Structures are given as C-alpha cells and as structure tokens.
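Heads up, the thing below is written out as structure tokens.
The values are calculated or read from the model by the stated rules, or taken from the named source; none is laboratory data. Bear in mind that the values here come from a model prediction, so they are computed numbers and not experimental data. Heads up, the Cβs are rebuilt from the backbone with ideal geometry, glycines too, and the neighbour counts pull from every protein chain shown.
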C-alpha cells in the first residue's frame, strides 16, 4: 500500500473501535512484526508463502471471530510468550468459574456467540466479560489475555 502500511491501517481500525475481524497476510515473519500485529488486534496472521487451503481456512475462522496464526510462526509466538514471561513480574489474578470458562473457550478459538451458547448467556455478555478480563490483566486485546492465561498456567499451549 503506497501511502500507509497495513499495520497502520490495522491500528486505525482498532483504535476507532471499528468492529471488524482482521487477518494479516505478510512476507515479514519476525518477532517485531508478529508482536505488532497481535498488539494491533489482528485475529490472524499468515505468511504470503502459505498455501491456498490454509488461507481459505484462516479467512473462515477469522470471519467467525476465531484466531488463526500460521503454524509456521508458532516458534515466534512461543518465544514472545517466554520473553514476556521473563520481563513481566508475576501477579496472579483470581478468576471466577465463568471467567475461567470464557478464557478456556477463547483459547479453543470459539466465537463469543459459541461461548455464550455453552455458558447460557448472550454474546454481548461474553464480550463484556472479555473486555473486563482484558482490562484486569492489563492486556491490550484478547491475545494479551490469552498470553496472561498461558503464563499463569490457566491454559496450555501445544508446542508441537
């Protein structure tokens, strides 16, 4: 894009609270780019060198509000979590059962509507609780909330 970077567009979209699910497709696959994409609120990240099947799957998942990060960048995500864990003082926040369930279902990639169905509440209730949790742990977005949950062993990451 000639005038503004995709990352800047993403930041603008989320800073103006525009409700859109975003998937970033980039040639760049380094820690800084991935961190910026997550911090800017993208639900997914793919390499431009990925295959069409993964692109199709990622578009479907992200359009439903689910996360999709290319398996190719898992080592970068795990390194980011490890670096964040070393830099961040451990402060454990207690969650009630409903909050813990929402975190668990977010980690499974369920949408707010799907989580609401499982917990017998509305999508809006799930979204409100998620925003409260993000604020409580000091995160910028859902990815930050999940990173907090991983650090504090509330959820596990499959490193394979």
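Considering (1) assigned to a helix (DSSP H, G or I); (2) farther than 28 Å from residue 136 by Cα; (3) in contact with a strand residue (DSSP E or B) (Cβ under 9 Å, 6 or more places away or on another chain), the lone condition that residue 77 does not fulfil carries the number (2).
Looking across 134, 129, one residue alone is more than 12 Å from the chain's Cα centre (by Cα), without any contact (Cβ under 8 Å) to a residue 60 or more places away in the chain and either in a helix (DSSP H, G or I) or not assigned by TED's automatic domain parsing to the domain that holds residue 58 (or both). It is 129. When we screen 107, 141 for residues that are within 19 Å of residue 44 (Cα to Cα) and in contact (Cβ under 8 Å) with a residue 60 or more places away in the chain, the only hit is 141. State the number of residues belonging to the stretch 83-102 that are closer than 22 Å to residue 36 by Cα and either modelled with pLDDT of 90 or more or surrounded by 12 or more Cβ atoms within 10 Å (Cβ to Cβ) (or both). Residues in the stretch 83-102 being closer than 22 Å to residue 36 by Cα and either modelled with pLDDT of 90 or more or surrounded by 12 or more Cβ atoms within 10 Å (Cβ to Cβ) (or both): 4 in total. Among the criteria (1) part of a helix (DSSP H, G or I); (2) assigned by TED's automatic domain parsing to the domain that holds residue 143, the one residue 33 does not fulfil is (2).
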